[in-house]
Structures are given as C-alpha cells and as structure tokens.
Amino acid sequence: MEDLLECKNLTKQYGNALPALQNVSLSIKTKGIFALLGRNGAGKTTLIRILATELKQSSGSASINGMDTSNDAKKIREQIAVMPQEARLVPWLTPRQTIYSYLLYRGFSRSEAASKVAGALARLELGKYENTLNRHLSGGVKRRVLLTMILATEAKILFVDEPTTGLDPVIRADLWGKLNELKKTHFIFLTTHYLEEAERLADMIGILENGKLLGLGTLDQLRSIVKYQYSIRIMQGTTPDIETRIGEVIKSADGSTQIFTTETDAEEISKKLVREKKRFSIYPISLEDIFYYLVRKPIEEDTIHNPIGKNGVHED
Ligand SMILES: Nc1ncnc2c1ncn2[C@@H]1O[C@H](COP(=O)(O)OP(=O)(O)OP(=O)(O)O)[C@@H](O)[C@H]1O
Ligand SMILES: [Mg+2]
C-alpha cells in the first residue's frame, strides 16, 4: 500500500539558526487522523508548511500519496486543504462570503462554489451565522468557519494546525465530534497541545521535540516504547522508601513523587502504599506520561549533568 505520507531525512534550517527539523523520517499508511505533538517551537508548523508545499526543505524529501513536495507541488495543492495556525478571517466579510470567495480562488465555478457553501455551512451547523460579519463572531465560531472553509474544498487530505487552541471545553468537544466524523472519509494531519485530544482522536501519533521525531505509532505502540506501563503519583510529604530497581522516580516541584514502573512492580508498590495508608493515585500510563517521558530526557541530558542520582531519584 502506498504511503499517505512519507518523509525521508527531512531537514529544515531557517538561516543560521539551529535546524527547525532534523532528519525527520516517517511513513504513515493508516487513514484517519495523524496527530503531531510537540512543545512550542518543536517544528510542527514547519513540517506542515513543507508538506503543504508552502516552504522548501533544506534537505531530504517528503511525499503525500506518492506525490513529491518538490516535483509535484501543483498536484499536491489540488488535493489538500490547510487550516494554518495563524489563520484569521477578514473581519468585514460574512462566513458565507468568506467560504464562497475561497472556493472561487480554489478554482470552482460560481455555481459550484455557491452550492458547496450551503452544504459545508450545514455540515458544521453554522447556518445561523452565515450572514453575520466575521468580526462579530466568537473565537470558537471563527475556528469553525475556518474548518468549514477547508472542508468545502472537498480535498480529502486536510492539514489542521492547532484547530482547537483557545476554544472552550464544550466547543472543543464539539469539534472533536466533527473531526471524528471527518476522519472516516479524510486523512487529517492535526497538531495539538492537548494530549487528551490526540489520545481521543488520533489513529497515529508523532512526538516532535527540537526538530527531531522522538516517537511515532499508535497509542499502544508508543506505550511500548516507554519501558514502564504504570504511573503512580504519591502526594506531597508521603514519599516512601523507593528502591532504584522498581523504575524511574521523579520528584516534582509541588512535592509529589511520580513513579513509572512495570505492571508487576506497580502491584507490589500499590499494595505497600495501601498498607501504609499513603495518599496516591495509580493508572496505566497516558499519552501525557509518554509525552513527558520522551521530551524530558533530551532536555535533562543537555542541561543537567547527572539527572539520575545515586538512588535513581532525580529532582525537577
Ligand atoms: N519563518 C521563520 N523564520 C525563522 N525561524 C522560524 C520561522 N518559522 C519558525 N521558525 C523557528 O523554527 C522553529 C520551529 O518553529 P515551528 O513554528 O515549526 O514550531 P511549532 O512546533 O509549530 O511551535 P508552536 O507549538 O509554538 O506553534 C522555532 O525555533 C521557530 O522559532
Ligand atoms: Mg506551530
């Protein structure tokens, strides 16, 4: 099966700065949603802009559905639609006018554009706002208009860069529902800072840090990258005697202690904590744990000479 998305040693350097992307290689065959996670400045938007043929890489190659971003840029542009991170609506137009003019720009005839606008507005339940000036819409509705705009193009490959940033929990959950619907018929490349969002929506997840891809896979595959399957958090002031062999122990600034450990040791530790009447929580590791586990390492190795102390305990 052809890759939906493939990057080979993709590197991007802006001027003389450190590379924004460093030898990123990935291959995605799974339809649905690919969620790319990473802290501010990790390189997510840079990767989207290269794939969307807005930006040239410094070296390496990338392709979408077998089309190369350098040689087949025109074909790629016809098949994708992008919702940029900084996308803004023109304040003096209405949603209907915004989407209509975007469709004309994309090459649709006036009659095609008019009929597509109606369908797209209905799909994201925006009908009641269609003739309101964009400047009078709330932030959440504006994001929905932007999403409606790219959906109206009928492109089957969508790039959505932080579509839910800044939305209230109700509108965000609503958009999750819409994205979940869409992923049945589209390939969606999504970036987000909400790990819960990736956990709920994504079929594949990538974790980018300082321009390097630290992890790629389904949630279960990512869990297996991490040595430990359980996380135990012990509340402030109740740290028990923890031996090194049980896993990785991280003391947080808030006084709590987090332990990543195997299933067997988790059972033993939790029984001990129950006997000692300690306050603690225990759960199978979440995407958030995996994210912190992966992104913490390179940072600490760079900045702290000896992060793991004699007892296998390091301080935040
Ligand atoms: N046009 C540009 N010129 C120079 N440097 C840039 C440019 N765009 C991005 N960068 C730098 O490249 C790195 C990656 O930025 P990028 O915007 O891709 O990160 P990001 O993961 O999307 O971050 P965020 O989560 O904040 O959106 C950063 O160090 C950023 O400062
Ligand atoms: Mg970005």
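The values are calculated or read from the model by the stated rules, or taken from the named source; none is laboratory data. Because the structure is predicted, anything quoted here is derived from the model rather than measured. Cβ coordinates were reconstructed from backbone atoms using ideal geometry, including for glycine residues, and neighbour counts include every protein chain displayed. When the accessible area is computed, the model is the full protein with side chains, heavy atoms only, and any ligands, DNA or RNA have been set aside. Shrake-Rupley method; radii C 1.70, N 1.55, O 1.52, S 1.80 Å.
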* Structure fact -> With only helices counted (DSSP H, runs n ≥ 4, each -39500 (n - 2.57)), the per-residue ellipticity at 222 nm for the chain, to the nearest 500, works out to -11000 deg cm²/dmol
* Asked: What angle, in degrees between 0 and 90 and rounded to the nearest 10, separates the Cα long axis of helix 169-182 from the longest principal axis of the Cα atoms of the chain?
  -> 70 degrees
* Structure fact -> Subtracting the Cα-Cα distance of THR30 and LYS75 from 0.36 nm times their residue separation yields 14.1 nm
* To do: Specify the angular offset, from 0 to 90 degrees and rounded to the nearest 10, of the alpha carbon long axis of helix 110-123 from the longest principal axis of the alpha carbons in the chain.
  => 30 degrees
* To do: Between GLY66, GLY15, GLY215, find the one with the highest GNM mean-square fluctuation for the chain; connect C-alpha pairs within less than 10 Å.
  => GLY15
* Multiply the residue gap between THR185 and GLN236 by 0.36 nm, knock off their C-alpha separation, and tell me the result in nm, one decimal place. => 13.6 nm
* Given H placed on each backbone N at 1.01 Å, which residues far from LEU37 in sequence or on other chains put an amide H within less than 5 Å of it? -> GLY206, ILE207, LEU208
* **Residue (of ILE76, VAL24, LEU36) at the positive-pole extreme of the range 5-218, dipole from beta-carbon charges** => ILE76
* To do: With +1 on each Lys and Arg Cβ and -1 on each Asp and Glu Cβ, and nothing else charged, work out how big the dipole of the chain is about its Cα centre, in Debye to the nearest 20.
  => 920 debye
* List, in order, the whole-Hz ³J(HN,Hα) value for each residue of the range 18-34 obtained from phi through the Karplus relation with A = 6.51, B = -1.76, C = 1.60 and θ = phi - 60°; use x for Gly and Pro. => 4, x, 7, 9, 10, 6, 7, 10, 7, 9, 10, 10, 6, 6, x, 10, 9
* Structure fact -> Semi-axes (Å, rounded, descending) of the ellipsoid equivalent to the chain per its C-alpha gyration tensor are 42, 23, 17
* To do: Whenever you get a sec, compute what percent of the accessible area on the chain sits on carbon and sulfur atoms (1.4 Å probe).
  => 50 percent
* To do: Taking trypsin sites (Lys or Arg not before Pro) as candidate sites, keep only those in a DSSP loop with at most 12 other Cβ atoms within 10 Å, then name the longest stretch of the chain containing none of them.
  => 89-183
* Subtracting the Cα-Cα distance from 0.36 nm times the residue separation, let me have the gained length for LYS272 to ASN40 in nm, one decimal. => 79.6 nm
* To do: Please go through the range 90-154 and write out the chymotrypsin sites (Phe, Trp or Tyr not before Pro) that DSSP classes as loop and that have at most 13 other C-beta atoms within 10 Å.
  => TRP92
* Asked: Going 7 Å from the Cα of LEU133 toward and past its Cβ, which residues in the range 80-111 have a backbone nitrogen under 13 Å from where you end up?
  -> 90-95
* **Which of ILE207, THR45, ALA118, positive extreme of dipole for the range 5-218 (C-beta unit charges)** => ALA118
* Taking only Cα atoms, what is the 0 to 90° angle, nearest 10, from helix 287-303's long axis to the longest principal axis of the chain? -> 70 degrees
